[in-house]
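The values are calculated or read from the model by the stated rules, or taken from the named source; none is laboratory data. Keep in mind the model is a prediction, meaning the values are calculated, not measured. Reconstructed Cβ throughout: ideal geometry from the backbone, glycine too, with neighbour counts over all protein chains shown.
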Amino acid sequence: MDNIDDICKLPGYVFDKGFILGEVATTGEEVSSKNYRVRLISSEFETEGLLNGAYLPPDVQPETGMEIPQFVTIRYDADGLHVAKDNYFANLIAYFFSKQGQMVRDGTFPQWEQDWSLIFSKENYSRSVVNLTVKGDYCKSRWLECAGIHCRVPIREQDFLPFMEGPASFFPDTFYTSNRTVPRCLYNTDDENLELPLSFKGKMSLKKQADRTVHLFIHGFPSPAKWHYGVLKHVLGVPPFSDEDQRKYWENFEGMPVDEVQMNVFQNCIPNSNNKSCDEYLCLKNEVFSSVHQILRPYCRRYLGQALRFFPVSDSMNILVWKNQRPSVGGPMMIELECRRQIKIKKDNPFQALLRPDEMDRQESLILVGYSYDWHNSVDPTVHLFILTTFAYAIGGARQKIDVKKGYTLLDSGTLSNIESET
């Protein structure tokens, strides 16, 4: 689907307005309501479609020639393009997700892909651009509608967000997930006084492209389970996540002592099968997140704060650019950014005898992952990144190989430099 004629047929596409052309004969499933032919108009395209009365607000009495703002595509079939003004949200969920709330669609979604290329660019992005509206409970979860310029997308609230303080923020997570899990578009800083994302710019030097400026928006942790995992492993050194050495490295990284905690609080906390996050299924089953989070809340805030402080002062920033194997040319790019700094104590340091061995030398790391939607059509692309992890470890213990991203192909690599705040 490369042209607007195809894009407007995909569920979620929004027409700026429509005009009622007249009533048409009713057939098929929707015989209980009148059907109307409407002239549909967007900024780029005009066409005709079908509107069933069930998708109109109850206070609207359609008449020939009536103008109605903002119609949303709900499907395209042999009868043509079907649109709705109201009561359409369940149709969008059914298109993107199964009854269990998992992704069900293959292929590409250019109707939101092009929309997000505009609204999440540096030129247009602000908190007022993306409107989130709570729509209710579906598939045993709370759902919200993300309204862009020309697209409506259903967003599912993650299971653990209700246990965290403050309103949720929006992270533009791609719908091209590699394992059909729900995109983690909502996140919470658990702090009403902390406003994210932070905005930076820098010089991007890649192997296969000319140098150019890149705009960076740094978000928080879209996965509460991954947030907990980072604290349990790197801050507290809780078995089976890690050991006390991790906590010692963290104290030096952050520059603050970590108080002892009662380990029995975390007796039901275990890593997932690949040891990269907490076991979310078990956490939900045992209903332990809320009680554990009450203990971890101050450490979670410290962990997040240290990541935000560390980003602009990193000595090196290595960037990887991944292309999804499914989308067509021009789709969103996955960006991975690894920030590092080595701390080496000079051997003639007069205080050397007072330092613990782990204070002598260490490497500090921050890994961010995210997406750019205007990578192909902007001179200065915009990248939205979330915090994957941050930690300190012995020099020489860093990962040397690149982790392969399932469903993605490594397109390019390079460095970022000259980081400046734009916040």
(request) Residues being within 23 Å of the chain's Cα centre (by Cα) and either modelled with pLDDT of 80 or more or exposed (fewer than 10 other Cβ atoms within 10 Å of the Cβ) (or both): count how many of those fall in the stretch 388-402. (result) 4
(request) Please state which one of Ile119, Ile74 is aliphatic (A, V, I, L, M), modelled with pLDDT of 90 or more and more than 21 Å from the chain's Cα centre (by Cα). (result) Ile74
(message) surrounded by fewer than 21 Cβ atoms within 10 Å (Cβ to Cβ), within 26 Å of Ile345 (Cβ to Cβ) and over 27 Å from the mean Cα position of the chain (by Cα): which single residue out of Met256, Met263 fits that description?
(response) Met256
(message) Six or more apart or on different chains, Cβ atoms under 7 Å: show the pairs whose first residue is in the stretch 403-414 and over 9 Å from Met334 (Cβ atoms) and polar (S, T, N, Q) and whose second is modelled with pLDDT under 85 and assigned to a loop (DSSP other than H, G, I, E, B).
(response) Thr409/Gln325
(message) Just to be sure I understand the filter: pairs with C-beta atoms under 8 Å, separated by 6 or more residues or on different chains, first member in the stretch 159-173 and assigned to a strand (DSSP E or B), second member at pLDDT below 90. Which pairs pass?
(response) Phe170/Val130; Phe170/Leu132
(message) I'd like the full set of residues that are more than 23 Å from the chain's Cα centre (by Cα), of a type in the set (Ser, Thr, Tyr) and not in a loop (DSSP other than H, G, I, E, B), limited to the stretch 194-253.
(response) Ser205, Tyr249
(request) May I ask you to list the residues in the stretch 103-139 that are farther than 22 Å from Leu216 by Cα and in a loop (DSSP other than H, G, I, E, B)? (result) Val104, Arg105, Asp106, Gly107, Thr108, Phe109, Cys139
(request) Check Gly65, Gly80, Gly107 and return the single one that is on the phi > 0 side of the Ramachandran plot and touching a residue at least 60 places away in the same chain (Cβ under 8 Å). (result) Gly107
(request) Starting from residues that are modelled with pLDDT under 90 and either assigned to a loop (DSSP other than H, G, I, E, B) or hydroxyl-bearing (Ser, Thr, Tyr) (or both), keep the ones in the stretch 9-32 and report whichever is surrounded by the fewest Cβ atoms within 10 Å (Cβ to Cβ). (result) Ala25
(message) So Thr73 ticks every box in (1) crowded, with 17+ Cβ neighbours inside 10 Å; (2) more than 30 Å from Asp173 (Cα to Cα) but one. Which box is left unticked?
(response) (2)
(message) Just to be sure I understand the filter: pairs with C-beta atoms under 6 Å, separated by 6 or more residues or on different chains, first member in the stretch 266-288 and farther than 15 Å from Phe241 by Cα, second member assigned to a loop (DSSP other than H, G, I, E, B) and polar (S, T, N, Q). Which pairs pass?
(response) Asn286/Asn268; Val288/Asn268
(request) Identify the single condition in (1) in contact with a helix residue (DSSP H, G or I) (Cβ under 9 Å, 6 or more places away or on another chain); (2) closer than 24 Å to Ser141 by Cα; (3) buried (at least 16 other Cβ atoms within 10 Å of the Cβ) that Val83 does not satisfy, given that it satisfies every other one. (result) (2)
(request) Quick one: which residue in Lys140, Lys99, Lys135 is in contact with a helix residue (DSSP H, G or I) (Cβ under 6 Å, 6 or more places away or on another chain) and more than 28 Å from Thr423 (Cα to Cα)? (result) Lys135
(message) Only one of Ser372, Ser417 is at pLDDT 95 or above, surrounded by fewer than 15 Cβ atoms within 10 Å (Cβ to Cβ), farther than 17 Å from Gly255 by Cα and small (Gly, Ala, Ser). Can you tell me which?
(response) Ser417
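So that you can scan it fast, the table gives a plain yes or no per residue for (1) surrounded by 21 or more Cβ atoms within 10 Å (Cβ to Cβ); (2) at pLDDT 90 or above; (3) of a type in the set (Lys, Arg):
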residue	(1), (2), (3)
Ala90	no, yes, no
Val104	no, no, no
Arg127	no, no, yes
Gly148	yes, no, no
Arg152	yes, yes, yes
(request) Report yes if Val292 is at pLDDT 85 or above, farther than 21 Å from Ser413 by Cα and over 17 Å from the mean Cα position of the chain (by Cα), otherwise no. (result) yes
(message) Among the residues that make up the stretch 295-306, is at least one of them surrounded by 16 or more Cβ atoms within 10 Å (Cβ to Cβ), aliphatic (A, V, I, L, M) and either in contact with a Phe, Trp or Tyr (Cβ under 6 Å, 6 or more places away or on another chain) or under 30 Å from Trp112 (Cβ atoms) (or both)?
(response) yes
